[in-house]
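This report refers to the structure that appears directly beneath it.
The values are calculated or read from the model by the stated rules, or taken from the named source; none is laboratory data. Being a predicted model, the structure only gives us computed values, none of them experimental. Cβ sites come from the backbone with ideal geometry, for glycine too, and all protein chains shown count toward neighbours.
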Amino acid sequence: MSLPTVNPTTTKSWEKLSQHFKAVKNIHMKDLFAQDKNRANKFTIKWDDFYVDFSKNRITEETLKYLLELADELKLKDAIKSQFSGEIINKTEGRAVLHTALRAPKDANFKVEGVNVMPEVYSVKQKIEAFTKQVVNGELKGFTGKAFTDVVNIGIGGSDLGPAMVVDSLQFYKNHLNTHFVSNVDGDHVNEVIKKLNPETTLFVIVSKTFTTQETLSNANTIKAWFLKSAKEEAIAKHFVAVSTNLKNVKEFGIDENNIFPMWDWVGGRFSLWSAVGLSISLAVGYKNFDSLLKGANKMDEHFKNEDFATNIPVLLALISIWYNNFFNAETEAIIPYSQYLNQFATYLQQGIMESNGKSVDRNGNPIDYQTGTIIWGEPGTNSQHAFFQLIHQGTKIIPADFIGFKESLHGNKDHQDKLISNFLAQTEALLNGKTEAEVIAENTPKNIIPFKVFQGNKPTNTIFINRLSPESLGKLIAMYEHKIFVQGIVWNIFSYDQFGVELGKQLASKILQEFNNTAKSEHDSSTQSLLSYYKNIS
């Protein structure tokens, strides 16, 4: 079985959606609610501790019917089976896509080239657990016999964004260890981090599958040189660990072979926080909480794999997103979590969604003449209400938004939580209803100001209400978006798991760096050549 290779715009269901769009594109959601008093219940899914209300969307039951027909016509069910069975669905790189195996129970069966990978997965999990306990309990010590107080994760892309987001999101559950993240090759970044650290009590986790990534190795070597000002070479083995597949390079760096945590080709970087890439998560919040994160993701995996599409949260969110992207021509989506803990969540999803589905060639290798990946952005509410919400409310663009909220406050301050959730609920209501001219006049607004205070409303939102921010609920939430990415990639007939667009800039940067070192000379356009000369003259 292989993934379908059908241009979605050639299907019967797409044609139905196109005709249907013409009939409903100008309908106001207020009218839909007025016509059907049961609309909210019809368009809400209650699953586990999630309450997902998608009723405030510019859709009807007929819209959903055609979107679900599209999923069936493009054989989404078969595609899901292909992914979970370990088939090589990342065709361009010849790899399976099995991050779901990393959070599956021990007795699960996930095969890559006919071999069940679960024993290997659990071997690494046991190693993460043992190492975490030793560091957290102070059993592992630095070169002067002191327990570790700080952990520095050195990585970039998926080796940084996922762990950094989760550690930030779960800081309520953090232990005594201080966790830092170094990613950017900007030397000011790494130096700002290390100036706060004591080399005697700091553990460094280098995360690089190939152990050749320029940014990560540059930062690792800078930190190593700083460390060796205080310690001897043999102390590196006590203070540095690696998550990598390149044993040779890791050992040459000076890292003890016992402190190497393996990665696998069938886990893409932006889906890797569930693997040993999440070691810094485990160290920050303890292995038990890390394991709860994995179990939450597995619950969403099972829901996605087994639930009927009509009540399948990731499937419906993906199809509704396609409805806006491909029919309303909405190019962006906002992610608005009403929790300061999820401050990095939209940034994390930018990589997951835009690196996966930012493609313009289909699975047949042909150029695409329809829109694919959406642009993702957002910030926590209520901060965002005082920043960019003006554009969502009264701007000229249609910007579908996901509102994510939690019923319970972790610190238990009910006064603050009531104010937070009142804003959370009020904003989606305001985006739905807007404010009519009659309502503005009734407020005794001066005549010349009336047009400026009218809100059209009819702005679409999904409301994802979760009982409490816990490691398990965060795992479910992240996995929900992962599966949304997958569904959209299947419908758009693209390969979601390669990222060749990332490579070109890296290749050119390598050539330019050689020119800085006077070891090569390349041809450039006149703009790049002028900029290069300007930099060389002042550096």
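List of remarks:
- For the range 320-342, taking the residues that are farther than 23 Å from PHE424 by Cβ and within 20 Å of the chain's Cα centre (by Cα), the one that is surrounded by the fewest Cβ atoms within 10 Å (Cβ to Cβ) is identified as GLU331.
- Hits in the range 212-259 (condition: part of a loop (DSSP other than H, G, I, E, B) and among the acidic types (Asp, Glu)): ASP256
- Of all residues in the range 360-381, those satisfying the criterion of being of a type in the set (Gly, Ala, Ser), over 24 Å from ASP53 (Cβ atoms) and touching a residue at least 12 places away in the same chain (Cβ under 8 Å) are SER360, GLY373.
- Which numbered condition ASP362 fails, given (1) in contact with a strand residue (DSSP E or B) (Cβ under 9 Å, 6 or more places away or on another chain); (2) more than 20 Å from ALA479 (Cβ to Cβ): (1)
- Scope the range 462-512; condition touching a residue at least 60 places away in the same chain (Cβ under 8 Å) and among the small types (Gly, Ala, Ser); matching residues: SER470, SER473, GLY475, ALA479, GLY489, SER496, GLY501, ALA509, SER510
- Check on VAL440, modelled with pLDDT under 95 and not in a strand (DSSP E or B): no
- Taken as a whole, the structure leaves GLN390 outside the set of residues that are out of contact with any strand residue (DSSP E or B) (no Cβ under 9 Å at 6 or more places or on another chain), more than 25 Å from ILE466 (Cβ to Cβ) and in a loop (DSSP other than H, G, I, E, B).
- Of all residues in the range 382-398, those that are within 17 Å of LEU342 (Cβ to Cβ) have Cβ atoms under 8 Å from Cβ atoms of residues that are part of a loop (DSSP other than H, G, I, E, B) and among the aromatic types (Phe, Trp, Tyr), 6 or more apart or on another chain, in THR382/TYR338.
- Verdict on ASN26 being of a type outside the set (A, V, I, L, M, F, W, C), in a loop (DSSP other than H, G, I, E, B), out of contact with any Phe, Trp or Tyr (no Cβ under 7 Å at 6 or more places or on another chain) and modelled with pLDDT of 95 or more: yes
- Residue check, ASN298 of a type in the set (S, T, N, Q), surrounded by 19 or more Cβ atoms within 10 Å (Cβ to Cβ), part of a helix (DSSP H, G or I) and not assigned by TED's automatic domain parsing to the domain that holds ILE464: yes
- Within the range 426-439, residues that are within 11 Å of PRO460 (Cα to Cα) reach partners that are charged (D, E, K, R) and modelled with pLDDT of 95 or more with beta carbons closer than 8 Å, at six or more positions or on different chains, in the pairs THR428/LYS56; LEU431/LYS56; LEU431/LYS459; LEU432/LYS30; LEU432/LYS56; LEU432/LYS459; ASN433/LYS30.
- Residue count, the range 34-78 (criterion: surrounded by 19 or more Cβ atoms within 10 Å (Cβ to Cβ), of a type in the set (Ser, Thr, Tyr) and free of Cβ contacts under 8 Å to residues at least 24 places away in the same chain): 1
- For the range 56-157, the helices (runs of 4 or more DSSP H) that sit wholly inside it and include 2 or more residues that are within 30 Å of HIS28 (Cα to Cα) are 61-73.
- Of all the listed residues (GLU482, GLU472, GLU515), the sole one being among the acidic types (Asp, Glu) and not assigned by TED's automatic domain parsing to the domain that holds THR372 is GLU515.
- SER159 meets the stated requirement of being crowded, with 21+ Cβ neighbours inside 10 Å, in contact (Cβ under 8 Å) with a residue 40 or more places away in the chain, of a type in the set (Ser, Thr, Tyr) and touching a strand residue (DSSP E or B) at 6+ places or on another chain (Cβ under 6 Å).
- Among the residues listed as PHE172, PHE143, PHE148, the single one being more than 21 Å from GLU503 (Cα to Cα) and crowded, with 21+ Cβ neighbours inside 10 Å: PHE148
- From LEU283, LEU279, LEU273, LEU317, residue being in contact with a helix residue (DSSP H, G or I) (Cβ under 8 Å, 6 or more places away or on another chain), buried (at least 17 other Cβ atoms within 10 Å of the Cβ) and assigned by TED's automatic domain parsing to the domain that holds LYS476: LEU317
- Breaking point among (1) surrounded by 12 or more Cβ atoms within 10 Å (Cβ to Cβ); (2) within 25 Å of GLN171 (Cβ to Cβ), for HIS416: (1)
- Residue in the range 449-469 that is touching a Gly at 6+ places or on another chain (Cβ under 9 Å) and part of a helix (DSSP H, G or I) present: no
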